[in-house]
Amino acid sequence: MSKVTTLSEFIMAKQADFPFATGELSRLLNDIAVASKIVSRDVRKAGLVDHILGAQGDVNVQGEEQQKLDVVADNQFIKAFEYGGEVCGIASEENDDFVAFTSEISKNGKYVVLFDPLDGSSNIDVNVSIGTIFSIYHRVSEVGTEATLEDMLQKGQEQIAAGYVLYGSSTMLVYTSGRGVNGFTLDPSIGEFCLSHPNMKMPETGRLYAMNEGNINICEKGVQDYIAYCQSYENDKGAPYSGRYIGSLVADFHRNMIKGGIYIYPGTNSAPEGRLRLLYECNPLAFIAEQAGGLATTGRERILNIEPHRLHQRVPLFIGSKQMVEKAMSLLH
Ligand code: AFP
(Lines give C-alpha, C1' and ligand atoms only; values in the text may rest on other atoms or scores of the structure.)
Protein backbone atom coordinates (compact mmCIF):
# COMPACT_ATOMS: atom_id res chain seq x y z
CA MET A 1 0.00 0.00 0.00
CA SER A 2 1.45 3.40 -0.96
CA LYS A 3 1.33 6.51 1.22
CA VAL A 4 -1.79 8.64 0.85
CA THR A 5 -1.23 12.24 -0.28
CA THR A 6 -3.87 14.62 0.99
CA LEU A 7 -4.95 17.69 -0.97
CA SER A 8 -3.36 20.02 1.60
CA GLU A 9 -0.03 18.18 1.35
CA PHE A 10 -0.25 18.26 -2.43
CA ILE A 11 -1.02 21.99 -2.55
CA MET A 12 1.90 22.74 -0.20
CA ALA A 13 4.27 20.64 -2.30
CA LYS A 14 3.11 22.38 -5.49
CA GLN A 15 3.72 25.81 -3.98
CA ALA A 16 7.43 25.05 -4.25
CA ASP A 17 7.00 25.12 -8.10
CA PHE A 18 6.41 28.87 -7.82
CA PRO A 19 9.47 30.44 -6.19
CA PHE A 20 7.77 33.78 -5.41
CA ALA A 21 4.54 32.28 -4.14
CA THR A 22 3.36 33.75 -0.87
CA GLY A 23 1.02 30.91 0.04
CA GLU A 24 -2.16 32.92 -0.59
CA LEU A 25 -3.33 30.79 -3.51
CA SER A 26 -2.57 27.67 -1.48
CA ARG A 27 -4.69 29.01 1.36
CA LEU A 28 -7.48 29.90 -1.04
CA LEU A 29 -7.49 26.38 -2.53
CA ASN A 30 -7.60 24.97 0.98
CA ASP A 31 -10.56 27.25 1.81
CA ILE A 32 -12.37 25.88 -1.25
CA ALA A 33 -11.63 22.33 -0.12
CA VAL A 34 -13.06 22.97 3.35
CA ALA A 35 -16.19 24.66 1.96
CA SER A 36 -16.76 21.81 -0.46
CA LYS A 37 -16.53 19.24 2.33
CA ILE A 38 -19.30 21.11 4.15
CA VAL A 39 -21.39 21.32 0.96
CA SER A 40 -20.74 17.63 0.32
CA ARG A 41 -22.09 16.82 3.78
CA ASP A 42 -25.19 18.94 3.09
CA VAL A 43 -25.71 17.38 -0.36
CA ARG A 44 -25.69 13.94 1.28
CA LYS A 45 -28.63 15.10 3.41
CA ALA A 46 -30.55 16.48 0.43
CA GLY A 47 -33.31 13.86 0.43
CA LEU A 48 -33.99 14.50 4.11
CA VAL A 49 -35.06 18.09 3.52
CA ASP A 50 -38.71 18.09 2.36
CA HIS A 51 -39.39 14.54 3.43
CA ILE A 52 -37.97 14.35 6.96
CA LEU A 53 -36.53 17.67 8.07
CA GLY A 54 -39.38 19.66 6.51
CA ALA A 55 -39.92 21.49 3.23
CA GLN A 56 -37.84 24.36 1.94
CA GLY A 57 -39.04 27.50 3.66
CA ASP A 58 -40.05 25.59 6.83
CA VAL A 59 -38.44 26.53 10.14
CA ASN A 60 -36.39 23.76 11.76
CA VAL A 61 -35.93 23.00 15.46
CA GLN A 62 -33.02 25.44 15.71
CA GLY A 63 -35.35 28.15 14.42
CA GLU A 64 -33.55 28.24 11.05
CA GLU A 65 -35.39 28.25 7.77
CA GLN A 66 -34.71 25.27 5.49
CA GLN A 67 -33.09 26.73 2.40
CA LYS A 68 -32.68 25.52 -1.13
CA LEU A 69 -29.44 23.60 -1.40
CA ASP A 70 -27.98 25.89 -4.06
CA VAL A 71 -28.49 28.86 -1.74
CA VAL A 72 -26.89 26.92 1.14
CA ALA A 73 -23.88 26.10 -1.05
CA ASP A 74 -23.61 29.66 -2.33
CA ASN A 75 -23.56 31.04 1.24
CA GLN A 76 -21.01 28.46 2.32
CA PHE A 77 -18.54 29.36 -0.42
CA ILE A 78 -19.08 33.10 -0.01
CA LYS A 79 -18.38 32.78 3.72
CA ALA A 80 -15.17 30.85 3.01
CA PHE A 81 -14.00 33.55 0.57
CA GLU A 82 -15.08 36.50 2.67
CA TYR A 83 -13.36 35.35 5.85
CA GLY A 84 -10.37 33.64 4.20
CA GLY A 85 -8.68 36.98 3.44
CA GLU A 86 -7.26 36.09 0.02
CA VAL A 87 -10.31 37.13 -2.04
CA CYS A 88 -11.53 40.71 -2.62
CA GLY A 89 -14.75 39.79 -4.45
CA ILE A 90 -16.80 37.06 -6.05
CA ALA A 91 -19.41 36.47 -8.71
CA SER A 92 -21.69 33.46 -8.68
CA GLU A 93 -24.65 32.01 -10.51
CA GLU A 94 -26.85 32.75 -7.52
CA ASN A 95 -26.20 36.51 -7.44
CA ASP A 96 -27.35 38.95 -10.12
CA ASP A 97 -24.42 41.25 -9.41
CA PHE A 98 -20.87 40.58 -8.23
CA VAL A 99 -20.08 40.98 -4.51
CA ALA A 100 -17.17 43.18 -3.42
CA PHE A 101 -16.08 42.37 0.13
CA THR A 102 -15.72 45.46 2.29
CA SER A 103 -13.47 44.44 5.21
CA GLU A 104 -9.91 45.80 5.20
CA ILE A 105 -8.44 42.29 5.05
CA SER A 106 -10.59 41.36 2.02
CA LYS A 107 -9.77 44.61 0.23
CA ASN A 108 -6.14 43.53 0.46
CA GLY A 109 -6.98 40.15 -1.13
CA LYS A 110 -5.24 39.53 -4.47
CA TYR A 111 -7.82 37.21 -5.99
CA VAL A 112 -11.39 37.07 -7.28
CA VAL A 113 -13.38 33.85 -7.58
CA LEU A 114 -16.23 33.17 -10.00
CA PHE A 115 -18.25 30.07 -9.28
CA ASP A 116 -21.37 28.04 -9.75
CA PRO A 117 -22.07 26.72 -6.25
CA LEU A 118 -24.35 23.86 -7.30
CA ASP A 119 -24.47 23.12 -10.99
CA GLY A 120 -27.20 20.77 -12.19
CA SER A 121 -29.40 21.70 -9.27
CA SER A 122 -32.53 20.46 -11.03
CA ASN A 123 -31.01 17.01 -10.49
CA ILE A 124 -31.00 17.30 -6.69
CA ASP A 125 -34.58 16.15 -6.23
CA VAL A 126 -33.94 12.97 -8.20
CA ASN A 127 -30.68 12.02 -6.49
CA VAL A 128 -28.45 12.51 -9.52
CA SER A 129 -24.87 13.82 -9.33
CA ILE A 130 -24.34 17.57 -9.09
CA GLY A 131 -21.23 19.74 -8.81
CA THR A 132 -19.50 22.99 -7.93
CA ILE A 133 -17.34 24.80 -10.51
CA PHE A 134 -14.84 27.55 -9.69
CA SER A 135 -12.47 29.88 -11.45
CA ILE A 136 -9.74 32.03 -9.83
CA TYR A 137 -8.15 35.21 -11.24
CA HIS A 138 -5.72 37.81 -10.02
CA ARG A 139 -7.62 41.05 -9.54
CA VAL A 140 -6.82 43.81 -12.04
CA SER A 141 -7.90 46.63 -9.71
CA GLU A 142 -5.54 48.00 -7.11
CA VAL A 143 -4.91 45.98 -3.96
CA GLY A 144 -6.42 47.76 -0.94
CA THR A 145 -9.56 48.87 -2.81
CA GLU A 146 -12.88 47.13 -3.39
CA ALA A 147 -13.21 44.64 -6.26
CA THR A 148 -14.63 45.98 -9.54
CA LEU A 149 -16.57 44.58 -12.48
CA GLU A 150 -13.33 44.60 -14.51
CA ASP A 151 -11.86 42.09 -12.03
CA MET A 152 -14.69 39.71 -12.92
CA LEU A 153 -14.76 40.25 -16.69
CA GLN A 154 -11.40 38.73 -17.62
CA LYS A 155 -10.70 36.35 -20.46
CA GLY A 156 -10.53 32.68 -19.47
CA GLN A 157 -6.89 32.54 -20.52
CA GLU A 158 -6.08 34.78 -17.54
CA GLN A 159 -7.25 32.17 -15.03
CA ILE A 160 -4.77 31.34 -12.28
CA ALA A 161 -6.56 28.18 -11.22
CA ALA A 162 -9.87 26.44 -11.81
CA GLY A 163 -11.59 23.32 -10.64
CA TYR A 164 -14.76 21.43 -9.93
CA VAL A 165 -16.18 19.33 -7.16
CA LEU A 166 -18.38 16.42 -8.16
CA TYR A 167 -20.88 15.20 -5.58
CA GLY A 168 -21.33 11.77 -7.12
CA SER A 169 -21.15 8.25 -5.75
CA SER A 170 -18.10 9.71 -4.04
CA THR A 171 -17.10 13.36 -3.74
CA MET A 172 -14.18 14.41 -5.93
CA LEU A 173 -12.27 17.65 -6.27
CA VAL A 174 -10.39 18.16 -9.55
CA TYR A 175 -8.29 21.26 -10.16
CA THR A 176 -5.55 22.83 -12.22
CA SER A 177 -3.29 25.75 -11.50
CA GLY A 178 -1.87 25.65 -15.01
CA ARG A 179 0.51 22.72 -14.60
CA GLY A 180 -1.67 19.73 -15.35
CA VAL A 181 -4.81 18.46 -13.71
CA ASN A 182 -5.10 16.42 -10.53
CA GLY A 183 -8.09 14.73 -8.92
CA PHE A 184 -8.75 14.02 -5.25
CA THR A 185 -11.40 11.77 -3.74
CA LEU A 186 -12.93 12.61 -0.38
CA ASP A 187 -12.35 9.84 2.14
CA PRO A 188 -15.30 10.42 4.46
CA SER A 189 -13.74 8.32 7.23
CA ILE A 190 -10.89 10.81 7.69
CA GLY A 191 -12.55 13.88 6.14
CA GLU A 192 -9.68 14.43 3.70
CA PHE A 193 -9.45 14.76 -0.07
CA CYS A 194 -6.82 12.19 -1.11
CA LEU A 195 -4.91 12.21 -4.40
CA SER A 196 -6.64 9.51 -6.47
CA HIS A 197 -6.23 10.73 -10.07
CA PRO A 198 -2.73 12.23 -10.50
CA ASN A 199 -1.89 14.05 -13.74
CA MET A 200 -5.24 13.46 -15.45
CA LYS A 201 -5.25 13.26 -19.24
CA MET A 202 -8.36 13.35 -21.35
CA PRO A 203 -8.28 10.60 -24.01
CA GLU A 204 -7.69 12.09 -27.51
CA THR A 205 -10.86 10.46 -28.72
CA GLY A 206 -13.72 8.37 -27.39
CA ARG A 207 -17.07 6.78 -28.14
CA LEU A 208 -19.37 8.87 -25.94
CA TYR A 209 -21.34 11.95 -26.91
CA ALA A 210 -23.44 14.07 -24.58
CA MET A 211 -26.07 16.51 -25.78
CA ASN A 212 -29.66 17.37 -24.92
CA GLU A 213 -30.99 15.86 -28.15
CA GLY A 214 -34.42 17.24 -27.41
CA ASN A 215 -33.02 20.38 -29.01
CA ILE A 216 -31.68 18.73 -32.16
CA ASN A 217 -34.38 20.09 -34.49
CA ILE A 218 -33.74 23.68 -33.42
CA CYS A 219 -29.94 23.47 -33.85
CA GLU A 220 -27.97 24.55 -36.88
CA LYS A 221 -27.39 21.99 -39.62
CA GLY A 222 -23.72 21.44 -38.69
CA VAL A 223 -24.71 20.21 -35.22
CA GLN A 224 -27.35 17.92 -36.73
CA ASP A 225 -24.71 16.59 -39.12
CA TYR A 226 -22.27 15.94 -36.28
CA ILE A 227 -24.86 14.04 -34.23
CA ALA A 228 -25.76 12.02 -37.34
CA TYR A 229 -22.03 11.27 -37.72
CA CYS A 230 -21.87 10.10 -34.07
CA GLN A 231 -24.78 7.74 -34.73
CA SER A 232 -23.48 6.43 -38.06
CA TYR A 233 -21.67 3.22 -39.05
CA GLU A 234 -19.58 5.42 -41.36
CA ASN A 235 -17.88 7.34 -38.56
CA ASP A 236 -14.22 6.98 -37.47
CA LYS A 237 -15.10 4.06 -35.17
CA GLY A 238 -17.17 2.21 -37.78
CA ALA A 239 -20.11 1.97 -35.35
CA PRO A 240 -22.47 4.37 -33.56
CA TYR A 241 -21.12 6.07 -30.46
CA SER A 242 -23.04 5.78 -27.21
CA GLY A 243 -25.17 8.71 -26.12
CA ARG A 244 -24.76 9.66 -22.44
CA TYR A 245 -26.44 12.78 -21.06
CA ILE A 246 -26.78 13.35 -17.33
CA GLY A 247 -27.80 17.00 -17.52
CA SER A 248 -25.23 17.93 -14.87
CA LEU A 249 -22.36 19.55 -16.72
CA VAL A 250 -19.76 18.59 -14.11
CA ALA A 251 -20.78 14.94 -14.18
CA ASP A 252 -20.96 14.78 -17.98
CA PHE A 253 -17.59 16.53 -18.26
CA HIS A 254 -15.93 14.33 -15.64
CA ARG A 255 -17.08 11.15 -17.37
CA ASN A 256 -15.60 12.37 -20.64
CA MET A 257 -12.36 13.35 -18.87
CA ILE A 258 -11.93 9.77 -17.75
CA LYS A 259 -13.42 7.79 -20.63
CA GLY A 260 -13.05 10.14 -23.59
CA GLY A 261 -16.02 11.85 -25.20
CA ILE A 262 -17.60 15.11 -26.21
CA TYR A 263 -20.16 17.36 -24.51
CA ILE A 264 -22.12 19.76 -26.67
CA TYR A 265 -24.46 22.57 -25.65
CA PRO A 266 -24.90 24.51 -28.90
CA GLY A 267 -26.93 27.58 -29.68
CA THR A 268 -30.51 26.94 -30.78
CA ASN A 269 -33.06 28.95 -32.77
CA SER A 270 -34.62 30.18 -29.55
CA ALA A 271 -31.32 30.63 -27.61
CA PRO A 272 -28.53 31.39 -30.11
CA GLU A 273 -25.94 31.61 -27.32
CA GLY A 274 -26.92 28.28 -25.80
CA ARG A 275 -27.53 27.84 -22.10
CA LEU A 276 -24.19 27.67 -20.36
CA ARG A 277 -22.47 30.58 -18.66
CA LEU A 278 -19.06 31.66 -19.87
CA LEU A 279 -17.53 32.88 -16.62
CA TYR A 280 -18.29 30.15 -14.12
CA GLU A 281 -19.19 27.11 -16.24
CA CYS A 282 -17.37 27.22 -19.59
CA ASN A 283 -14.11 29.01 -18.70
CA PRO A 284 -13.10 26.85 -15.73
CA LEU A 285 -13.92 23.60 -17.52
CA ALA A 286 -12.17 24.84 -20.67
CA PHE A 287 -9.00 25.54 -18.65
CA ILE A 288 -9.13 22.04 -17.16
CA ALA A 289 -9.90 20.43 -20.53
CA GLU A 290 -6.93 22.11 -22.21
CA GLN A 291 -4.62 21.28 -19.31
CA ALA A 292 -5.68 17.64 -19.69
CA GLY A 293 -5.04 17.66 -23.48
CA GLY A 294 -8.67 18.24 -24.50
CA LEU A 295 -10.34 21.10 -26.33
CA ALA A 296 -13.08 23.63 -25.54
CA THR A 297 -14.65 25.89 -28.17
CA THR A 298 -17.93 27.54 -29.08
CA GLY A 299 -17.79 25.40 -32.21
CA ARG A 300 -15.91 28.23 -33.93
CA GLU A 301 -13.64 29.89 -31.40
CA ARG A 302 -11.56 28.89 -28.38
CA ILE A 303 -13.53 29.46 -25.17
CA LEU A 304 -10.50 30.86 -23.31
CA ASN A 305 -10.06 33.62 -25.93
CA ILE A 306 -13.53 35.11 -25.49
CA GLU A 307 -13.68 38.67 -24.16
CA PRO A 308 -16.51 38.70 -21.62
CA HIS A 309 -18.99 41.58 -21.59
CA ARG A 310 -21.50 40.50 -18.95
CA LEU A 311 -21.32 38.51 -15.72
CA HIS A 312 -23.91 35.96 -16.74
CA GLN A 313 -23.00 35.84 -20.43
CA ARG A 314 -23.86 32.59 -22.21
CA VAL A 315 -21.88 30.87 -24.96
CA PRO A 316 -22.27 27.66 -26.98
CA LEU A 317 -19.94 24.92 -25.72
CA PHE A 318 -18.20 22.02 -27.48
CA ILE A 319 -15.82 20.44 -24.99
CA GLY A 320 -14.00 17.16 -24.54
CA SER A 321 -11.63 14.87 -26.39
CA LYS A 322 -9.56 16.84 -28.87
CA GLN A 323 -10.27 14.83 -32.02
CA MET A 324 -14.00 14.74 -31.35
CA VAL A 325 -14.27 18.50 -30.82
CA GLU A 326 -12.20 19.08 -33.98
CA LYS A 327 -14.50 16.82 -35.97
CA ALA A 328 -17.61 18.60 -34.70
CA MET A 329 -16.06 21.98 -35.58
CA SER A 330 -15.22 20.80 -39.08
CA LEU A 331 -18.94 20.30 -39.78
CA LEU A 332 -20.01 23.79 -38.65
CA HIS A 333 -20.03 26.48 -41.33
P1 AFP B 1 -28.79 24.26 -13.41
O2 AFP B 1 -27.58 24.43 -12.53
O3 AFP B 1 -29.63 25.49 -13.51
O4 AFP B 1 -29.58 23.02 -13.06
O5 AFP B 1 -28.26 24.05 -14.92
C6 AFP B 1 -27.56 22.92 -15.26
C7 AFP B 1 -26.84 23.11 -16.55
O8 AFP B 1 -26.28 24.38 -16.63
C9 AFP B 1 -25.78 22.05 -16.79
O10 AFP B 1 -25.28 21.44 -15.66
C11 AFP B 1 -26.46 21.04 -17.68
O12 AFP B 1 -25.59 20.35 -18.50
C13 AFP B 1 -27.43 21.87 -18.44
O14 AFP B 1 -27.75 23.00 -17.63
C15 AFP B 1 -28.69 21.09 -18.71
O16 AFP B 1 -29.51 21.81 -19.52
P17 AFP B 1 -30.75 21.13 -20.29
O18 AFP B 1 -31.77 20.80 -19.23
O19 AFP B 1 -31.22 22.19 -21.22
O20 AFP B 1 -30.24 19.93 -21.01
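The values are calculated or read from the model by the stated rules, or taken from the named source; none is laboratory data. Note that the structure is a prediction, hence the values are computed from the model and not measured. Using ideal geometry, Cβ is built from the backbone for each residue, glycine included, and neighbour counts are taken over all protein chains shown. When the accessible area is computed, the model is the full protein with side chains, heavy atoms only, and any ligands, DNA or RNA have been set aside. Shrake-Rupley method; radii C 1.70, N 1.55, O 1.52, S 1.80 Å.
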Using a 1.4 angstrom probe on the protein heavy atoms only, line up 129, 169, 92 by accessible area, largest first.
169, 129, 92
Exposure rank, largest accessible area first [69, 149; 1.4 Å]
149, 69
Taking the Cα-to-Cβ direction at residue 326 and at residue 302 and moving 7 Å from each Cα, how far apart do the two end points lie in nm?
1.5
Using a 1.4 Å probe on heavy atoms of the protein chains only, the accessible area for residue 103 in Å², nearest 10, reads 50
Of 277, 27, which has the most accessible area with a 1.4 Å probe, and how do the rest follow in descending order?
27, 277
Ellipticity estimate at 222 nm from DSSP helix runs (n ≥ 4, -39,500 (n - 2.57)) divided over the chain, nearest 500
-8500 deg cm²/dmol
Taking the alpha-carbon centre of each part, the distance from the stretch 93-119 to the stretch 201-270 in Å is 34
Leaving out ligands, DNA and RNA, what percent of the accessible area of the stretch 82-238 is carbon and sulfur, probe 1.4 Å?
46
Find the percent of Cα-Cα distances in the chain that exceed 37 Å, and round it to a whole number.
17
Starting from the Cα of residue 149, step 7 Å along the direction of its Cβ; do the same at residue 235; then give the gap between the two resulting points in nm.
4.2
Gyration tensor on Cα atoms of the stretch 7-197, a ≥ b ≥ c root eigenvalues, a/c under 1.5 rounded, else prolate if a/b beats b/c, else oblate, says oblate
A chain fully extended from residue 128 to residue 140 at 0.36 nm per residue, minus the present Cα-Cα distance, gains in nm 0.5 nm
So how much accessible area does residue 105 have, in Å² to the nearest 10, using a 1.4 Å probe?
110
Shape of the stretch 127-229, Cα gyration tensor, a/c cut at 1.5
oblate
Round to the nearest 10 and report in Å² the accessible area of residue 209, as given by a 1.4 Å probe over the protein chains' heavy atoms.
10
In the stretch 166-267, what trypsin sites (Lys or Arg not before Pro) fall in a loop by DSSP, with at most 15 other Cβ atoms inside 10 Å?
179, 201, 237
Segment residue 199-residue 224, extension gain: residue separation times 0.36 nm, minus the distance between their alpha carbons:
5.5 nm
Whole-number accessible area per residue in Å² for the chain, which is evaluated in the context of all protein chains at 1.4 Å
45
